[in-house]
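What follows is calculated from the coordinates using simple rules that are stated; it is not laboratory data. Since the model is a prediction, treat every value here as computed from it, not as a measurement. All Cβ positions, glycine included, derive from the backbone under ideal geometry; neighbour counts span all protein chains shown.
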Amino acid sequence: MEPSRWPHVAEASDGTLTLVAAEGVTSSVVRALADGAAPPPPFSVRSFAPLPAASYEERPITVDQTNHSVIVGESVVVKWFPRPVRGPHPALGPLAHLADFARTARPYAAIFWEDAPVALVTAYLPDARDGWEWCVDEAVRGGMEFAAEIGRLAAELHLAMATPSRTFPDPVRLPPAEAVPVVYGKRAEEALDAALALTASENVADSADGAWLAARAAVLRGELVPLALPVRTPLIRIHGDLHVGQILRWRGGYAVVDFDGNPTVAADDAEAFQPAARDLAQLATSLDHVGQVAIRRRTVDPAEVARWVTITRSELVGAYTAALDEAGRAELLDRSLLRPFEIEQECRELIYAARHLPRWRYAPMGVLRSWFT
């Protein structure tokens, strides 16, 4: 049998890692995992479940994303991390905790290079399309029925996160009543400062964006004030980067995927326990981003998009809160945190655009302009 091919990982003099998985490597790795073959050192594998029998034809997922995902045999997805980071990966704990959660793709394995996670192997959901495809189509046609469904999905995710498991036996934390209070103002202020600096950069082609944002800096800081106050809501392990692109519509309905955390938040600053409102705020604002995509790429009337965004956001949040109420866990959501987390998230979208995907800047700028005319 031909030896399995594995990706190439290079380490720079400063310790930075770079991974390249050439064509054919992903299918070779999946075959090796299915056969139970030992990976070549320094690679290692943590298995969650046996891989299904399948063919080994591969095809890449071509939508914009920070990582590089490849589908193998129409049954498995391998998500490679082009810039691996040594140490624990944020997705591993949640995936193990959610082993019985049916609304995500089943995890099969995690692949490491020395102590750096370099890939996650999960089930492929047939006919799956992420929200940057299916949700934009909904915005174009004016469809709104989905909003309540993904609102319930987000609530089900948080309820599962708040349920004890062997991985996370103590999944809910109450903020301390005394001593050092839990606040999120510093992190939000830093995001705003970074967004202002990056948007004002000489590298930004449209200087009007930087000038517009700078003129409203004081207003934006005012919106963040609630995050400087002690948080009293229970804290749970959240998704951390919950937007419509992380929600797949597939043959079996909707599923939430990608628990890698927010790419604009350094690992040292990503607190394990967060208010559920942070996830909900990001999911809701992603509907605004979908609207901006529909206007720019599909030439939908802005007035119609504004109406669609208003209604779908209301339906999403309403369904989310109703699901928590039905489960007797209404205390998991502090609605007073939604708006400031939304403002912080738009700042993070500008940071992401500046650092990773410059053409994306139109979306958060369009949203902010719609909020602060």
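Computed from phi, the 3J(HN,Hα) profile of the stretch 123-134 under the Karplus parametrisation 6.51, -1.76, 1.60 (θ = phi - 60°) reads 5, 8, 8, x, 6, 6, 9, 7, x, 6, 9, 5 Hz, with x in place of Gly and Pro. With neighbours defined as other Cβ atoms within 10 Å of a residue's Cβ, the residues 11, 189 order from fewest to most as 11, 189.
Annotation: amide H-H contacts under 5 Å for residue 274 (H modelled 1.01 Å from N, sequence separation of 5 or more, or interchain): 236, 237, 238.
Reported to the nearest whole Å, the Cα centre-to-centre distance from the stretch 272-306 to the stretch 13-82 is 31. Taking 0.36 nm per residue of separation and subtracting the current Cα-Cα distance, fully stretching the chain between residue 85 and residue 357 would add 95.9 nm. Ranking of 344, 138 by neighbouring Cβ atoms within 10 Å, starting from the fewest: 138, 344.
What does the charge dipole of the stretch 8-123 about its Cα centre add up to, to the nearest 20 debye, if the Cβ of each Lys and Arg holds +1 and the Cβ of each Asp and Glu holds -1? It would help to have the intermediate numbers written out before the result.
Values: 8 positive and 11 negative charges, 55 e Å.
Dipole magnitude for the stretch 8-123 comes out near 260 debye.
Sequence-distant contacts, meaning Cα pairs under 8 Å at least 6 residues apart, place the relative contact order of the stretch 8-123 at 27 percent.
Mind giving me the FRET efficiency for residue 232 and residue 59? R0 is 56 Å, r the Cβ-Cβ distance, nearest 0.05 is fine.
Details: r = 48 Å, r/R0 = 0.86.
According to the calculation, E is roughly 0.70.
In the chain, the longest principal axis of the Cα atoms and the axis of helix 362-371 are about 30 degrees apart.
Quick one: which of 351-363, 71-83 comes out on top by average Cβ neighbours within 10 Å, and what's the full order, highest first?
Details: 351-363: 17.6, 71-83: 19.8.
By packing density, highest mean first, the sequence is 71-83, 351-363.
I'd like the orientation of helix 276-298 relative to the chain: the angle between its Cα long axis and the longest Cα principal axis, in ° from 0 to 90, rounded to 10. Approximately 90 degrees, to the nearest 10.
Report, in degrees rounded to the nearest 10, the 0 to 90 angle that the Cα long axis of helix 338-355 makes with the longest principal axis of the chain. Helix 338-355 and the main axis of the chain meet at about 60 degrees.
Ordering 142, 239, 253 by Cα displacement along the dipole of the stretch 129-371 toward the positive end leaves 142 in first place; charges were set at the Cβ atoms of Lys, Arg (+1) and Asp, Glu (-1).
Gain in length, residue 186 to residue 166, computed as 0.36 nm per residue apart minus the alpha-carbon separation, to one decimal in nm?
Working: separation 20, 0.36 × 20 = 7.20 nm, distance 3.33 nm.
Stretched out fully, the residue 186 to residue 166 stretch lengthens by 3.9 nm.
Going from the residue with the fewest nearby Cβ atoms within 10 Å to the one with the most, 314, 28, 207, 13 rank 13, 207, 314, 28.
Mean separation of Cα pairs under 8 Å and 6 or more residues apart, divided by the residue count, gives the chain a relative contact order of 17 percent.
So what is log10(I(q)/I(0)) for the chain at q = 0.08, 0.12 1/Å, when the Debye sum runs over its Cα atoms only? Scattering profile of the chain, log10 relative to I(0): -0.42, -0.97. Taken about its Cα centre, the stretch 45-202 carries a charge dipole of about 500 debye when Lys and Arg each add +1 at the Cβ and Asp and Glu each add -1 at the Cβ.
At an R0 of 25 angstrom, the distance between the Cβ atoms of residue 216 and residue 296 translates into a FRET efficiency of 0.70.
How large is the convex hull of the C-alpha atoms of the stretch 8-123 per residue, in Å³? List each step's numbers first, then the result.
Values: hull volume 12.6 nm³, N = 116.
Hull volume normalised by residue count: 109 Å³.
With a cut-off of at most 12 other beta carbons within 10 Å, and DSSP calling the residue loop, which chymotrypsin sites (Phe, Trp or Tyr not before Pro) in the stretch 117-200 qualify? Please list them. Please list the in-between numbers first.
On the way: sites: 124, 132, 134, 146, 184; in loops: 124, 184.
Within the stretch 117-200, no chymotrypsin sites (Phe, Trp or Tyr not before Pro) qualify (loop, at most 12 other Cβ atoms within 10 Å).
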